[in-house]
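Worksheet: one structure, shown below.
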Amino acid sequence: RRKSAGRPVPKMIGLDSNETSVRAGAALGGIWAEGLDVSFRAADASQTGLESGSVSLVIARLLLPYVAVVPTVREMARILKPGGLAFFQLHAFGYYWSRFRRSFASPRTAFYYLRPILSGMVFAVTGHQPRHRLFQETALSAGMLARLAGEAGLTGEWEGGFRSKPMGAFRKGK
């Protein structure tokens, strides 16, 4: 850790499953985060390869609708230090519903937005996400996230955002 104005500069790690995104993050990080300890690497969100209890803050903006939700939330809880904070933002049912309603003129586009709604309904009722590639994107509610975070050992600290894109901050117990 380097020091900046007498304070430690935190180490920051950006993860993405897509190598192109990792390269773009590294290139932009070199410009935007000059002088900071920033690195980027490819990793699956449910298997980051980071040590247990090694991370103080997780920011997962709009990640959860696109991944296996349960193992990813568990992984985020695992890597957090005691007292660490996880910040999540979702695409909720309302996000997909509003786009579905606006896209009736194009059945293909309408189906695109209907898929996550159906997947989210299956997940809400059964606790299992559909694994078929057409239904991997999943609409989630703030309540579903709070329940999953609690099951992973995280406690809700804050809720906000918009109804269609809710946000929540969760803390790992000490």
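With all protein chains in place and ligands, DNA and RNA left out, the 1.4 Å accessible area ranks Phe40, Phe104 as Phe104, Phe40, largest first. Going by accessible surface with a 1.4 Å probe and the largest first, Tyr95, Tyr66 read Tyr66, Tyr95. Taken over the stretch 1-151, the alpha-carbon convex hull comes to 145 cubic angstrom per residue.
Among rounded, prolate and oblate, which fits the stretch 78-152 when a ≥ b ≥ c are the square roots of the eigenvalues of its C-alpha gyration tensor, a/c under 1.5 means rounded, and a/b larger than b/c means prolate? Because a/c hits 1.5 or more and a/b exceeds b/c, the stretch 78-152 counts as prolate. A 1.4 Å probe over all protein chains sorts Lys174, Lys165 by accessible area into Lys174, Lys165, starting with the largest. Pairs of lysines in the chain whose Cα atoms sit within less than 26 Å of one another amount to 7, provided the residues are eight or more positions apart or on different chains. Computed with every protein chain present, the accessible area of Arg171 is close to 80 Å² [probe 1.4 Å]. Decide, for the stretch 71-110, between rounded, prolate and oblate: order the square roots of the alpha carbon gyration tensor eigenvalues as a ≥ b ≥ c, take rounded if a/c falls under 1.5, and otherwise choose prolate if a/b is larger than b/c, else oblate. It is prolate, given that a/c is not under 1.5 and a/b is the larger ratio. Per residue of the chain, the DSSP helices (runs of n ≥ 4 H) give a summed -39500 (n - 2.57) that works out to -12000 deg cm²/dmol at 222 nm. Where both bridge residues fall in the stretch 54-174, DSSP classifies roughly 65% of the beta bridges as antiparallel. Please identify, among Phe93, Phe135, Phe111, the residue showing maximal mean-square fluctuation in a Gaussian network model of the chain using a 10 angstrom Cα cutoff. The residue with the greatest mean-square fluctuation here is Phe111.
Computed with a 1.4 Å probe over protein heavy atoms only, the accessible surface of the stretch 1-158 comes to 59 Å² per residue.
Over all pairs of different C-alpha atoms in the stretch 113-158, the reciprocal of the mean inverse distance, the Kirkwood hydrodynamic radius, equals 11.2 Å. Computed from point charges on the beta carbon alone (+1 for Lys and Arg, -1 for Asp and Glu), the dipole magnitude for the stretch 19-174 about its Cα centre is near 540 Debye. Given a 1.4 Å probe and every protein chain left where it sits, what share in percent of the accessible area of the chain is carbon and sulfur? Here carbon and sulfur together make up 56 percent of the probe-accessible area.
The values are calculated or read from the model by the stated rules, or taken from the named source; none is laboratory data. All values reported here derive from a predicted model rather than from experimental measurement. Virtual Cβ from ideal backbone geometry, glycine too; neighbours counted across all protein chains shown. Side chains included, ligands, DNA and RNA excluded: accessible areas come from the protein's heavy atoms. Shrake-Rupley method; radii C 1.70, N 1.55, O 1.52, S 1.80 Å.
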